[in-house]
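K.L.:
Dropping a structure here in structure tokens format, bear with me for questions.
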Amino acid sequence: MADPIIEIENLSYTYPSATKALTEVSLKVFPGEYLAIVGANGAGKTTLCMFLNGVIPNVVGGRVSGNVHVCGMDTFEHHVYDIAQNVGLVLQDPESQLFSADVRSEIAFAAENRGVPRDEILARMGEVLKIVRLEELASRLSDELSGGQKQRLAIAANLIVRPKILVADEPTSQLDPIGKGEVFSTLSSLNKDFGMTVVIASHDVDEIERFADRVIVLDHGSIILQGPPDQVFREVETLDRIFVHVPDLARLGKTLNIGGGQPLSLEIPKAAAQIGDWLGCGKIPSGKAFEEPSISRLELTKDSSINTPAVEVKNITYSYPGTSTPAISNMTFAIPKGQFVGIIGQNGGGKTTIMKCLVGLLKPSQGEISLDNKPLKGQKVGEIATQIGLILQNPDTQLFCMSVEEEIRFGLENLHLPPEEIERRTEDALKITGLGTFRQLYPFKLSLGDRRKVAVASIVAMRPQVLIFDEPLTGQDHKGRYELVNLAEDLHQAGHTVIMISHDMELVARYTQRTLVVGKGKLLLDAPTSEVFDHVSLLRETYIDPPEIIQLAQDLRRCGLPSGLLSIDQVLEAIQSLRKQTVPGER
Amino acid sequence: MESLRLAQLNSVVHRLSPLTKLFIMLLYWGTALFTFNIPVLLVMTALALVLYPISHIPLRTLRIILTIMAAIFVIFIVINGFMFYGGKTPLFYFFKWPFTLEGMFFGFAVCLKILAVVMLIPLITSTTTLPKLMAGLAVIRLPYKFIFTFGVAMRLVPLVTSTYFDIMASQRLRGHDISEMNYFKRLIKGYVPLFIPLVLTLLRRTADMDVAIESRGFGAPVKRTYLQDVRPTRSDVFALVLSLVIFAGIIYYFLTQHVSQMGLIIQFQK
């Protein structure tokens, strides 16, 4: 076996702020390997990535012990600019790692810094643009690119110096499904076609399972599991304990014993075949194979029970200034009181524009919006906020107070409520969001998940009947996602109408009652969530794949599984019930 | 943002070296600031105007400039019409104060000077990409750290603007709307909820940016190269010669044909 390209021995590290990040980490990575690092936020993934190109300890500082050798270089002894020739680093936020005005200059930057001759840079530029598939966008400004394109540009900007290793720290956490697909396929191509060693920290276990050769699982700065994805992701109990997302099929396979000594495959077609055989449906087809609903069923839901809609939107159109194509056009829907609705679709499709129209931040050029049967027109944003609250994606755009409770009070003071009412509502909001123990803390020092909760609390305190969560799960780990969606569900149970815009299909499937699919500025589908995921082709148009468990259930309809199954528990129960029918004596 | 996009286009002006453009700009500005001669200023304004379509700059840019400056121009002409020291031909009276022809022309000349200077700015900013300008500044031996800081700052402008608008939207959703506040209320409590998140968000971003910059080998002890080629070409030589001829002509006109201070046959009051 070749010598390791990365060799870490007993690495321990404490940040200058005294936060202990890594404890006795030892790891070897071999040339051409695709290694994935998983773990909850704060487990040490980013820290470990930063060690691989020497940013820690050379730039960040802190207390360190152990050794890190990358491409034979001791990263503690070499400057970052020397290590950077061998190790490229792609970060989480696309905006923070692009500092040139246009695509070509961004790519050239690292080579210029290394003194690579101009002609050589030009020659390499062509190759690199081809690898990341940005040839046609080479003359664009960086700001004109989508999130996925920006991340591919960041990859290209590292490739220009021909590194042997590419390290990517959660490169897809802020991207929509299309961007995520672009980045993962680029990294896979670098690894498979060019033999580059790839190290990626990510929460996207489905993609890791598909592309990575090996996974390491970090918890509180230590490696607690490692091995091939097929092996690591079967450690369901351990992963649950440390709040790492488990692929649907691994979780199903843990409970479903299909016998024959074979574990359930983590690939959907193979798993479906295994379960199908176990159910005996290969021999006697007992169900009807999955078919997409016909086009005629694509009609939008016209729910006659919507007598008292919380939100009613009629034929709204909005175009951003200076653009000729409307961001949303002729959109009509109604949401009854007390419903939990999901809105899905690729970025740029119009989801956020609709929400901004609903809260009065944008004024539609035509059409009408009513909240609780009252037209929105003529009301100020502050007034609308007491009826419909929007929790924006990035909580940091609102936090400015010295404590959590002041932050919650801010909106209430702007409503000129009496002091005792402000106090009462602040206490309620702290209680609902579970932020009581943080009430005196400086919000900006809290974790991302808790900062999001502060944003929710400050909106909830204004007592709007309708709450909109705009991409609340971006950048969150598994635990953070569930905490926030559970909070949304609690608010729903308490009587609020909840609208959630999200790219996380698993949570949309699990929590929402109804889903709107939005794309190219139009409402493509409005149906109960249990039906939406059957429209596979339509979803694919907006680059959405149903969650793994739903795809499996669709495949197993040929064996008699009913339609409309959305969760692992539902699918498991249906499979077990079918098995009982086919093999009556089995317990 | 618009000028960054226009700078990506291609025209004879775009292809000139940034140093050539900077030199011509200084020559032009120097002349415009030096003279009050209306015909000369009109010729210079016309020259700049001709360069707009050649450089693919839409005339709406000029319309925006004129809209912004219109009020200032009116004020200059009115003030000078009444106050100009050399005014002797009254056109009308406002109460007992005369509005003079000479004052009006003087005000007009000042406006033309400002217009000539301002009109040239898009001809540089909308025809020169930031990387080319940075490479040009490196040729005149400005320290690269300074050039890079300037480049990043320019790159951050759209990011800061979009973050600011996000913050404004976010606070409006909590009933804090500065567009509904009067001037004093804005100063006292309007901007704090906007600027604190802006500064904190940018600080967080710049920490990441620092890591990204280091990771791309910034500061390596080697002679830096530049992708942008800013060496002068034949077009640069031609543009420089043409500019020198035009401005030499203007100076010759000053020296020989200079009829009066404003280039018009108007005798100033002694």
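K.L.:
Check the stretch A:403-418 and report whether any residue there is away from every other protein chain (no Cβ under 14 Å), at pLDDT 90 or above and over 24 Å from A:P472 (Cα atoms). Please lay out each step first, then the result.
P.N.:
Keep residues of the stretch A:403-418 that are away from every other protein chain (no Cβ under 14 Å), which gives A:404-405, A:418.
This time we only want the ones that are at pLDDT 90 or above, so: A:404-405, A:418.
Now restrict to residues that are over 24 Å from A:P472 (Cα atoms): A:418.
Yes, some residue in the stretch A:403-418 is away from every other protein chain (no Cβ under 14 Å), at pLDDT 90 or above and over 24 Å from A:P472 (Cα atoms).
K.L.:
Being away from chain B (no Cβ under 12 Å) and hydrophobic (A, V, I, L, M, F, W, C) is the filter; apply it to the stretch A:130-141 and report the residue that is farthest from A:A101 (Cα to Cα). Break it down into steps so the answer makes sense when it comes.
P.N.:
The initial filter retains those residues of the stretch A:130-141 that are away from chain B (no Cβ under 12 Å), namely A:130-136.
Keeping just the survivors that are hydrophobic (A, V, I, L, M, F, W, C) gives A:131-132, A:134.
Values: A:I131: 21, A:V132: 19, A:L134: 16 Å.
Of everything passing the filter in the stretch A:130-141, A:I131 is farthest from A:A101 (Cα to Cα).
K.L.:
For the stretch A:454-474, what are the residues that are within 12 Å of chain B (Cβ to nearest Cβ), part of a strand (DSSP E or B) and buried (at least 24 other Cβ atoms within 10 Å of the Cβ)?
P.N.:
A:I468
K.L.:
Quickly run through the stretch B:61-103 and pick out the residues that are surrounded by 12 or more Cβ atoms within 10 Å (Cβ to Cβ), outside any strand (DSSP E or B) and of a type in the set (V, I, T).
P.N.:
Selection gives B:T61, B:I64, B:I65, B:I72, B:V74, B:I75, B:I77, B:V78, B:I79, B:T89.
K.L.:
Output the helices (runs of 4 or more DSSP H) that fall wholly within the stretch A:342-453 and possess 1 or more residues being within 30 Å of A:Q149 (Cα to Cα), or say none. Steps first, answer last, please.
P.N.:
Numbers: elements: A:351-358, A:381-384, A:404-414, A:419-433.
It comes to A:351-358.
K.L.:
Then there's this: Considering each of A:L89, A:L52, A:L122 in turn, give the residue that is in contact with an Asp or Glu (Cβ under 8 Å, 6 or more places away or on another chain) and within 12 Å of chain B (Cβ to nearest Cβ). Spell out how you get there, then give the answer.
P.N.:
Details: A:L52 fails: in contact with an Asp or Glu (Cβ under 8 Å, 6 or more places away or on another chain); A:L122 fails: in contact with an Asp or Glu (Cβ under 8 Å, 6 or more places away or on another chain).
Just a single option satisfies the conditions, and that option is A:L89.
K.L.:
While we're here: Give me the residue from the stretch A:142-154 that is within 14 Å of another protein chain (Cβ to nearest Cβ) and surrounded by fewer than 22 Cβ atoms within 10 Å (Cβ to Cβ) and, out of that set, nearest to A:D470 (Cα to Cα).
P.N.:
Narrowing the stretch A:142-154 to residues within 14 Å of another protein chain (Cβ to nearest Cβ): A:142-145, A:147, A:150-151, A:153-154.
This time we only want the ones that are surrounded by fewer than 22 Cβ atoms within 10 Å (Cβ to Cβ), so: A:143-145, A:147.
Details: A:D143: 22, A:E144: 22, A:L145: 21, A:G147: 17 Å.
The selected residue is A:G147.
K.L.:
Taking the stretch B:192-212 as the search range and keeping residues that are more than 31 Å from the chain's Cα centre (by Cα) and of a type in the set (A, V, I, L, M), which one is farthest from the other protein chains (Cβ to nearest Cβ)? Talk me through it step by step, then tell me what you get.
P.N.:
First, the residues of the stretch B:192-212 that are more than 31 Å from the chain's Cα centre (by Cα): B:193, B:204, B:207-208, B:211-212.
Keeping just the survivors that are of a type in the set (A, V, I, L, M) gives B:207, B:211-212.
On the way: B:A207: 8, B:V211: 5, B:A212: 4 Å.
Among them, the one singled out is B:A207.
K.L.:
Name the pairs: first residue in the stretch B:78-102 and farther than 18 Å from B:F36 by Cα, second residue part of a loop (DSSP other than H, G, I, E, B) and of a type in the set (A, V, I, L, M), Cβ to Cβ under 8 Å, at least 6 apart or on different chains?
P.N.:
As it stands, the answer is B:T89/B:I266, since those pairs meet every condition given.
K.L.:
Filter the stretch A:425-450 for residues that are of a type outside the set (D, E), under 25 Å from A:V381 (Cα atoms) and surrounded by fewer than 20 Cβ atoms within 10 Å (Cβ to Cβ) and give the result. So that I can check it myself, show each step before the final result.
P.N.:
Restricting attention to the stretch A:425-450, the residues satisfying the condition of being of a type outside the set (D, E) are A:425-426, A:429-449.
Subset that is under 25 Å from A:V381 (Cα atoms): A:425-426, A:429-430, A:432-433, A:443.
The answer is A:I432, and nothing else.
K.L.:
Give the residue that is nearest to A:S202 (Cα to Cα), with candidates limited to residues of the stretch A:64-95 that are among the hydroxyl-bearing types (S, T, Y) and surrounded by 20 or more Cβ atoms within 10 Å (Cβ to Cβ). Walk me through how you get there before you give the answer.
P.N.:
If we filter the stretch A:64-95 for residues that are among the hydroxyl-bearing types (S, T, Y), which is where we start, we get A:65, A:75, A:81.
When the remaining residues are screened for being surrounded by 20 or more Cβ atoms within 10 Å (Cβ to Cβ), the result is A:75, A:81.
Values: A:T75: 23, A:Y81: 25 Å.
Restricting to residues being among the hydroxyl-bearing types (S, T, Y) and surrounded by 20 or more Cβ atoms within 10 Å (Cβ to Cβ), the top hit is A:T75.
K.L.:
Next question. Of all residues being more than 7 Å from chain A (Cβ to nearest Cβ) and aliphatic (A, V, I, L, M) in the stretch B:156-191, which is surrounded by the most Cβ atoms within 10 Å (Cβ to Cβ)? Just the residue, please.
P.N.:
B:M168
K.L.:
Further question: Considering only the stretch A:106-140, state which residues are surrounded by fewer than 23 Cβ atoms within 10 Å (Cβ to Cβ), among the charged types (D, E, K, R) and part of a helix (DSSP H, G or I).
P.N.:
Residues satisfying the conditions are A:R118, A:D119, A:E120, A:R124, A:E127, A:K130, A:E135, A:E136.
K.L.:
For the stretch A:171-252, list the helices (runs of 4 or more DSSP H) that sit wholly inside it and hold at least 1 residues that are over 20 Å from the mean Cα position of the chain (by Cα) and without any contact (Cβ under 8 Å) to a residue 24 or more places away in the chain; which are they? Quick ask: steps written out before the conclusion?
P.N.:
Numbers: elements: A:177-194, A:205-211, A:229-232, A:236-241.
Per the criteria, A:177-194, A:229-232, A:236-241.
K.L.:
OK, next. Inside the stretch A:192-215, can you point out the residues that are in contact with a helix residue (DSSP H, G or I) (Cβ under 7 Å, 6 or more places away or on another chain) and polar (S, T, N, Q)? Even if it seems obvious, please write down each step before you answer.
P.N.:
Step one: of the stretch A:192-215, the residues in contact with a helix residue (DSSP H, G or I) (Cβ under 7 Å, 6 or more places away or on another chain) are A:196, A:198-204, A:206-209, A:211-212, A:215.
Within the stretch A:192-215, just A:S202 meets the criteria.
K.L.:
Next question. Find the helices (runs of 4 or more DSSP H) located wholly in the stretch A:20-105 whose residues include 1 or more that are more than 21 Å from A:T197 (Cβ to Cβ), and list them. Explain how you work it out, then say what you get.
P.N.:
Details: elements: A:45-52, A:55-58, A:80-83.
Of the helices (runs of 4 or more DSSP H) lying wholly inside the stretch A:20-105, those with at least 1 residues that are more than 21 Å from A:T197 (Cβ to Cβ) span A:55-58.
K.L.:
Determine which single condition A:A168 fails, assuming it passes every other condition in (1) within 14 Å of chain B (Cβ to nearest Cβ); (2) part of a helix (DSSP H, G or I).
P.N.:
Looking at each condition in turn, A:A168 falls short on (2).
K.L.:
I'm checking my understanding of the structure. Among residues of the stretch A:373-386 that are surrounded by fewer than 21 Cβ atoms within 10 Å (Cβ to Cβ) and more than 9 Å from every other protein chain (Cβ to nearest Cβ), which one is farthest from A:G338 (Cα to Cα)?
P.N.:
Per the stated criteria, the residue is A:G378.
The values are calculated or read from the model by the stated rules, or taken from the named source; none is laboratory data. The structure presented is a predicted model; accordingly, all values stated were derived computationally and were not measured. For neighbour counting, all protein chains shown are included, and Cβ atoms are generated from backbone atoms with ideal geometry for every residue, glycine included.
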